[in-house]
């Protein structure tokens, strides 16, 4: 009989930082690769993984934009707050 693991709720709040999100994503992948979970649980894990992936991509995009802001200010390094939701 397949070993039952704790189910991940795909709508669970996303981790606050990138490292936590990546760690959770790695755990989901390992869990799914074991192949001993139901189709329903696989779909829940997949959905959660997609949400985590998008969250990580957004965090990386925001970090990249912050770096661009730092590097593209008339040759001087100036720090500005970047609001990812409003594009700057």
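The values are calculated or read from the model by the stated rules, or taken from the named source; none is laboratory data. These figures come from a predicted structure and were not determined experimentally. Please note: Cβ atoms are built from the backbone with ideal geometry, for glycine as well, and neighbour counts cover all protein chains shown.
Scan segment 38-47 and tell me whether some residue there is closer than 30 Å to residue 81 by Cβ and either crowded, with 16+ Cβ neighbours inside 10 Å or modelled with pLDDT of 95 or more (or both). The answer is no, given that none of the residues of segment 38-47 is closer than 30 Å to residue 81 by Cβ and either crowded, with 16+ Cβ neighbours inside 10 Å or modelled with pLDDT of 95 or more (or both). Within segment 26-35, can one find any residue that is under 20 Å from residue 85 (Cβ atoms), within 13 Å of the chain's Cα centre (by Cα), part of a helix (DSSP H, G or I) and at pLDDT 95 or above? No, segment 26-35 has no match at all.
For segment 8-25, filtering for residues that are surrounded by 12 or more Cβ atoms within 10 Å (Cβ to Cβ) and assigned to a helix (DSSP H, G or I) leaves 7.
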